[in-house]
1. So which residues in segment B:137-163 are crowded, with 16+ Cβ neighbours inside 10 Å, part of a helix (DSSP H, G or I) and either more than 14 Å from the chain's Cα centre (by Cα) or at pLDDT below 95 (or both), if there are any at all?
2. In this structure, is A:Ile49 more than 20 Å from A:Arg8 (Cα to Cα), under 13 Å from the mean Cα position of the chain (by Cα) and part of a helix (DSSP H, G or I)?
3. If you go through segment A:3-12 one residue at a time, do you hit one that is within 14 Å of another protein chain (Cβ to nearest Cβ), without any contact (Cβ under 8 Å) to a residue 60 or more places away in the chain and assigned to a helix (DSSP H, G or I)?
4. Of the conditions (1) within 30 Å of B:Ser147 (Cα to Cα); (2) within 14 Å of another protein chain (Cβ to nearest Cβ), A:Lys55 satisfies every one except a single condition; which number is it?
5. Just a yes or no: is a residue in segment B:9-25 aliphatic (A, V, I, L, M), more than 30 Å from A:Glu77 (Cα to Cα), outside any helix (DSSP H, G or I) and away from every other protein chain (no Cβ under 14 Å)?
6. What number of residues within segment A:77-93 are more than 9 Å from chain B (Cβ to nearest Cβ) and touching a helix residue (DSSP H, G or I) at 6+ places or on another chain (Cβ under 7 Å)?
7. Let me spell it out: the conditions are (1) among the aromatic types (Phe, Trp, Tyr); (2) touching an Asp or Glu at 6+ places or on another chain (Cβ under 7 Å); (3) surrounded by fewer than 17 Cβ atoms within 10 Å (Cβ to Cβ), and A:Tyr69 meets all of them except one. Which number is the exception?
8. Residue by residue through segment B:31-60, note down the ones that are surrounded by fewer than 21 Cβ atoms within 10 Å (Cβ to Cβ), part of a helix (DSSP H, G or I) and more than 15 Å from the chain's Cα centre (by Cα).
Amino acid sequence: MSRKRAYRSKVRILADMLRTIQAEGEDGAGPTKILYAANLSHDRLTQYIEELIEKELIKELIDGDNRSYFLTQKGREFLIEYRKIERLSQAFGIDV
Amino acid sequence: MQSQIVFALIRIDLIIEVVAGIIALMVSHYANVAFGLTRQKKLSDLSTGFLVLSAGMFGRVIGTLYFLTDPANADRVLGIVIVAYGVMKIMAYAIFITATHRGQRKYHSNYAMAALALPFLTSPELDVIAILLLIVVVLQTLMNYASVRSSFALYVFVGFTLLLVSHILGMINVIDLQTYFIYLGSQLAQFLGLFSFLVMLRQAQKDE
């Protein structure tokens, strides 16, 4: 029996990625961690990370072959706003 | 003396309506902000629903004020305002049915557009229609609460339930001061329903 995967909007995926990065705190999150936690393909991950950097929600730190991602102040503020919207939507039974 | 009491009660009624209209406008604004960030169409419909509701409330207040200032010539205007108010409420509730219906993939914005036409296709018994629509909304919000078990969903369920109570009380024919008190009770229930949405908004806007 096949199980239907729940639909996730783009903004929800971006919020999931930001939450993963936030959870890693000062150490920052590597791409593999984000990929698994946000349940993404590699291509999608690259595309969304570029978008998050472009929107200044995260910043990238390259150390040799290692890449780490950190939440910016704008990213933290986005997550706070997103949480509020999630509560409002959930109250009316709307998935975001 | 009795006419003074009636005018005082009408003023209270109007104040309640204005505050309720402002709250509906606030919910509409926050739903619109949420739509701006998420592009979730249902949030846009929710915003439209509360906007239509608040416009109806403000329209009724303006119509009643017109009646109070020039009662001799206001009969026709007030008649139109009352019908328009009922129609706008029905439009808002029809939109709420589509917006609060759970499930994403089968949702089409055409449902909301069809819902907007509903009042013009049905009988003039506006309150009966409003009650039937609100029963659906209340059941949907109850199912949502049973599913997510959050206090925010509870506030929404209580809010819509009070709006339903308000319409049930509002069905009474106002013929004297006693029945007008019952009508005021319906206005109060409506206000408390919208106040419940306001409390939900305040709680949802809190930083963790």
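1. Within segment B:137-163, B:Gln140, B:Thr141, B:Leu142, B:Met143, B:Asn144, B:Tyr145, B:Phe152, B:Ala153, B:Leu154, B:Tyr155 qualify.
2. It is false that A:Ile49 is more than 20 Å from A:Arg8 (Cα to Cα), under 13 Å from the mean Cα position of the chain (by Cα) and part of a helix (DSSP H, G or I).
3. Yes, because at least one residue in segment A:3-12 is within 14 Å of another protein chain (Cβ to nearest Cβ), without any contact (Cβ under 8 Å) to a residue 60 or more places away in the chain and assigned to a helix (DSSP H, G or I).
4. With (1) within 30 Å of B:Ser147 (Cα to Cα); (2) within 14 Å of another protein chain (Cβ to nearest Cβ) applied to A:Lys55, the lone miss is (1).
5. Step one: filter segment B:9-25 for residues aliphatic (A, V, I, L, M), giving B:9-10, B:12, B:14-16, B:18-20, B:22-25.
Filter again for more than 30 Å from A:Glu77 (Cα to Cα), leaving B:9-10, B:12, B:14-16, B:18-20.
Now narrow it down to the ones that are outside any helix (DSSP H, G or I): none.
No, segment B:9-25 contains no residue that is aliphatic (A, V, I, L, M), more than 30 Å from A:Glu77 (Cα to Cα), outside any helix (DSSP H, G or I) and away from every other protein chain (no Cβ under 14 Å).
6. Going residue by residue through segment A:77-93, those that are more than 9 Å from chain B (Cβ to nearest Cβ) are A:77, A:79.
Checking which are touching a helix residue (DSSP H, G or I) at 6+ places or on another chain (Cβ under 7 Å) leaves us with A:79.
The qualifying residues number 1.
7. The failed condition is (3).
8. B:Asn32, B:Val33, B:Gly36, B:Leu37, B:Lys41, B:Ser44
The values are calculated or read from the model by the stated rules, or taken from the named source; none is laboratory data. Note that this is a predicted model, so its numbers are computed, not measured. Cβ sites come from the backbone with ideal geometry, for glycine too, and all protein chains shown count toward neighbours.
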